[in-house]
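**Student:** The structure's right below; bear with me while I get my questions together.
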Amino acid sequence: MLRTVLTRSFPHLSRLSVCRYSAAAIPAPNPQPEVHYNKLFINNEWHDAVSKKTFPTINPATGEVICQVAEGEKEDVNKAVKAAKDAFKLGSPWRRMDASQRGLLLHRLANAIERDAAYLAELETLDNGKPYAISYSVDVPLVVKVLRYYAGWADKWEGKTIPIDGDYLCYTRHEPVGVCGQIIPWNFPLVMQSWKLGPALATGNTIVMKVAEQTPLTALYVASLIKEVGFPPGVVNIITGMGPTAGAAISSHMDIDKIAFTGSTEARNYPLLIVGHLIQQASGTSNLKKVTLELGGKSPNIILSDANMEEAVDQALMAVFFNQGQCCCAGTRTFVQESIYKEFVERCVERTKKRVVGDPFNLKTEQGPQVDDEQFQKILGYISSGKKEGAKLMCGGGVAADRGYFIQPTIFGEVQDNMKIAREEIFGPVMQILKFKSIEEVIERANDTKYGLAAAVFTTDVNKAHYVSTALRAGTVWINCYNVFGVQAPFGGYKASGVGREMGEYGLENYTEVKTVTIKVPQKNS
């Protein structure tokens, strides 16, 4: 989901990189990094689950167990919430801390992550399956950028003085919400953790975070760095466990003041939108906690006939296949104007057949495995559905290795809007290419979805670009590019894609209460 500065020095990363890194700068990885932490992190201490339960975390490249991890449940969430609540009490070290000092701690955390970048990238690739070159050159640097960005905001998120009528002094305070429950997905474990930690800590909140059960290891290592750099006990608590137990306990807890959830298609057999509804309901039936949600998408990528063909093909493939297709904003509905449809499809197929799928620790690999067997089988089911409903399989469509959860990058042509693969979020390396005639037609079809997370349009006509981007019902619209993320810019969706925004200054609002203070004065003067 993350694209930064384009580079031609490392073409097998789909021209994805970060400006300070290059192919030559990526250190040789250790494909078997040591796992240092596998317990719950509560009050700056490591704990077994109260039940003593554990669950396995799996290497998706082999299907083998990496290690056992503590399985937190309701009792563990209660312990974590108590620690977070105590850390948020008036007069606590965290509440008494200068805002500039909070910023300094976030800077120190960013520095520690940057110091351990290679190890974190190795652990992310081991547990998640994404290519190590991407983990090291894209994900970890973005984590550092996010934390440094919000470190800078810590002492600049200011209230106002307001000239109300009468002999009064009126001002607003930006205060932290309190104890924040945060639930993060498995597709970008480190990045999503930073998106949640950065604004919440900059504004002075305390955190109980449940990380995805598929990918718990890097979050736990970051927890050790949080303690190392000096965050007070109880400010950040990390729970590993399952959604229906630990996640549900966070969502309904009476002492949690805000919930932030980012999901990836399904949560252990619960469709993502149902999870979003359950979280909203849990908020409403408990203490009406504030809720922000990011619930995926089915993003349209529109290629007009006047687009630069080479760039459009390059970006459209990256829009679908980056991160094994496991991106909430993936441009899986590729709409191509009929006069260039045939050439566009041919070029995409030619490029896709050359895509390197394999060992994620090999620096030449472009696509690693899907995250687990559940996701693997789900994607294969969608491919089967596409064939049955009459879409034309142009390439791929099968398993790509004898072991592990590898799927061939797949392209379907002649896709119709009513097909299952064109309606539902697949979350895998499956591209659907649809044909359209006019701009008005494609706008209507692009918006005909319950989702509204992202969209893109490729054209050399600036008037068409602005017209289409205005008409599309999506929280982010890219023009002649895709997956461009800046920590300074907000991200979030329309419609069923979610509630609220993350990143940028907008991301601070979710973690802030605005208090109005009015004081009677003897005489007001201008």
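**Student:** Would you point out which residue out of Ser251, Ser224 is small (Gly, Ala, Ser) and in contact with a helix residue (DSSP H, G or I) (Cβ under 7 Å, 6 or more places away or on another chain)?
**Tutor:** Checking each option against the conditions leaves just Ser251.
**Student:** For the range 399-413, which positions are part of a loop (DSSP other than H, G, I, E, B), open to solvent by 20 Å² or more (accessible area, probe 1.4 Å) and farther than 20 Å from Ala330 by Cβ?
**Tutor:** Of everything in the range 399-413, those that are part of a loop (DSSP other than H, G, I, E, B), open to solvent by 20 Å² or more (accessible area, probe 1.4 Å) and farther than 20 Å from Ala330 by Cβ turn out to be Ala401, Asp402, Arg403.
**Student:** Write out, first by first residue and then by second, each pair whose Cβ atoms fall under 8 Å of each other, whose residues are 6+ apart or on separate chains, and whose first residue, in the range 184-208, is part of a loop (DSSP other than H, G, I, E, B) while the second is open to solvent by less than 10 Å² (accessible area, probe 1.4 Å) and basic (Lys, Arg).
**Tutor:** Close Cβ pairs (under 8 Å, with a partner that is open to solvent by less than 10 Å² (accessible area, probe 1.4 Å) and basic (Lys, Arg)) amount to Ile184/Lys196; Ile184/Lys210; Asn205/Lys258.
The rows are residues; the columns are (1) of a type in the set (Phe, Trp, Tyr); (2) over 30 Å from Tyr482 (Cα atoms); (3) at pLDDT 95 or above.
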residue: Leu13; (1), (2), (3): no, no, no
residue: Leu16; (1), (2), (3): no, no, no
residue: Ala23; (1), (2), (3): no, no, no
residue: Pro33; (1), (2), (3): no, yes, yes
residue: Tyr37; (1), (2), (3): yes, yes, yes
residue: His47; (1), (2), (3): no, yes, yes
residue: Phe55; (1), (2), (3): yes, yes, yes
residue: Thr62; (1), (2), (3): no, yes, yes
residue: Val77; (1), (2), (3): no, yes, yes
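**Student:** So, one more: Pairs, please: C-beta under 7 Å, at least 6 apart or cross-chain, first residue in contact (Cβ under 8 Å) with a residue 24 or more places away in the chain and in the range 396-410, second assigned to a loop (DSSP other than H, G, I, E, B) and of a type in the set (Val, Ile, Thr)?
**Tutor:** Arg403/Thr62; Gly404/Thr62
**Student:** Please indicate, with yes or no, whether at least one residue in the range 444-458 is within 19 Å of Glu311 (Cα to Cα) and of a type in the set (Lys, Arg).
**Tutor:** no
**Student:** Give the residue that is farthest from the chain's Cα centre (by Cα), with candidates limited to residues of the range 95-124 that are more than 14 Å from Leu190 (Cβ to Cβ) and charged (D, E, K, R).
**Tutor:** Here the answer is Arg96.
**Student:** Still on this structure, please answer the following. If I ask for residues that are of a type in the set (Gly, Ala, Ser) and either surrounded by 17 or more Cβ atoms within 10 Å (Cβ to Cβ) or part of a strand (DSSP E or B) (or both), which ones from the range 472-503 would you list?
**Tutor:** Passing the criteria: Ala474, Gly475, Gly492, Gly493, Ala496, Ser497, Gly498, Gly500.
**Student:** Give all pairs with beta carbons closer than 9 Å in which a residue from the range 458-469 that is under 14 Å from Glu440 (Cα atoms) meets a residue that is open to solvent by 70 Å² or more (accessible area, probe 1.4 Å) and modelled with pLDDT of 95 or more; count only pairs at least 6 apart in sequence or on separate chains.
**Tutor:** Once the first residue is under 14 Å from Glu440 (Cα atoms) and sits in the range 458-469, its partners that are open to solvent by 70 Å² or more (accessible area, probe 1.4 Å) and modelled with pLDDT of 95 or more give Ala465/Asn480.
The values are calculated or read from the model by the stated rules, or taken from the named source; none is laboratory data. The model shown is predicted, which means the values in this text are computed figures rather than measured ones. FYI the Cβ positions are ideal-geometry reconstructions off the backbone, even for glycines, and counts take in every protein chain you see. Note: areas computed on protein heavy atoms with side chains; ligands, DNA, RNA excluded. Shrake-Rupley method; radii C 1.70, N 1.55, O 1.52, S 1.80 Å.
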